[in-house]
Amino acid sequence: MKLKGVSFGELRQILAITLACGVYAAAWTALILPYGIVSGGVAGLSNLVYYVAHVPVSLTYLAVNTVLFAVALKLLGWKFLAKTIYATVAISFFLWIGERLLTDPATGELVKILEDERFMAMLLGCTLSGLSVAALFACSGSSGGTDIVAAVANKYFGVSIGAALIVIDLFIIGSGLFIDHLGSLLERVRFVAFGFCAMGVECMTINYALNVRRRSVQFLIFTRRHAEIAKAISDTTGHTMTLLDAHGWYTGDALKVVCVLAKMNESATIFRIIHSIDPRAFVSQSRVVGVWGEGFDKIRGAKHA
């Protein structure tokens, strides 16, 4: 289904990206920036500039990302870049709106929604921003900035997005130690320590949100009605499977074992199918470290010149 050249799936992705950008900007302006918390990425770098020079976060965020777009264009292609440009502009716009709405006219400072609850604000803010970044990656886009570098590392070297962001963020947050404007050495150490906590929460949230959908399981189904069960699972889930020859140790009877790999969220469906056809079937379910191939993750190989 298409609407003036845009498919329903693309329209849904655009709406999802817009929502993720709105949540990301809201998390930063309402729960992170007012409490003097710095995390990683371009948003964290923009925060440092704001704390030192009071340059609006939305302006710094847009300016730094513009410089990085050339890298994304060459290495990640227009499809990734188009969504990243849209996400970056949307986040900058939402940040600008948030700064206007949440700034106290009397003091010129951002309003603290959770008064005297800095740690709670950090947990909520970084969790929401992490979920938003993961949603953007799931839509084949990003929030720009260091996410572009992380996407390059993930695509070409198989480095997890969360791990790549941690390395980059260590340098951004650690730079707070050398900014005298942030206060005494002890205050700067506290500032950086809090930033590391924020980084940890955000990166763990990103990794969890991206990997939870990829968790896979392996079923070994011992049954005399293997043909019916295999067909029902294939018709319902679209997965292919393998039949293994086996025989019982005690009885010596020949038996077929259905081996199927599936997503974790398909487990309940598969169990219902098995029980409806052969309630006496013996089933073993185990988690697998990873599944690569058709219907699962793409096989990533090292690239050679």
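The values are calculated or read from the model by the stated rules, or taken from the named source; none is laboratory data. All values reported here derive from a predicted model rather than from experimental measurement. Note: ideal-geometry Cβ built from the backbone for every residue, glycine included; neighbour counts use all protein chains shown. Ligands, DNA and RNA are stripped out before the accessible areas are found, and what is left, the full protein with its side chains, is counted by its heavy atoms. Shrake-Rupley method; radii C 1.70, N 1.55, O 1.52, S 1.80 Å.
A few remarks follow.
- Among the residues of the stretch 217-233, those identified as within 35 Å of the chain's Cα centre (by Cα), open to solvent by 30 Å² or more (accessible area, probe 1.4 Å) and at pLDDT 90 or above are L220, K231.
- Selection within the stretch 8-35 - small (G, A, S) and either closer than 18 Å to W96 by Cα or open to solvent by 50 Å² or more (accessible area, probe 1.4 Å) (or both): A20, G22, A25, A26, A27, A30
- Verdict on A82 being at pLDDT below 80 and crowded, with 21+ Cβ neighbours inside 10 Å: no
Matching residues to (1) modelled with pLDDT under 85; (2) on the phi > 0 side of the Ramachandran plot; (3) open to solvent by less than 20 Å² (accessible area, probe 1.4 Å):
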{"site": "S160", "(1), (2), (3)": "yes, no, no"}
{"site": "S175", "(1), (2), (3)": "yes, no, no"}
{"site": "D180", "(1), (2), (3)": "yes, no, no"}
{"site": "G183", "(1), (2), (3)": "yes, yes, no"}
{"site": "V192", "(1), (2), (3)": "no, no, yes"}
{"site": "F196", "(1), (2), (3)": "no, no, no"}
{"site": "Y208", "(1), (2), (3)": "yes, no, no"}
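- Taking first residues from the stretch 177-201 that are of a type outside the set (A, V, I, L, M) and partners that are open to solvent by 50 Å² or more (accessible area, probe 1.4 Å) and not in a helix (DSSP H, G or I), no Cβ contact under 7 Å between residues at least 6 apart in sequence or on separate chains turns up.
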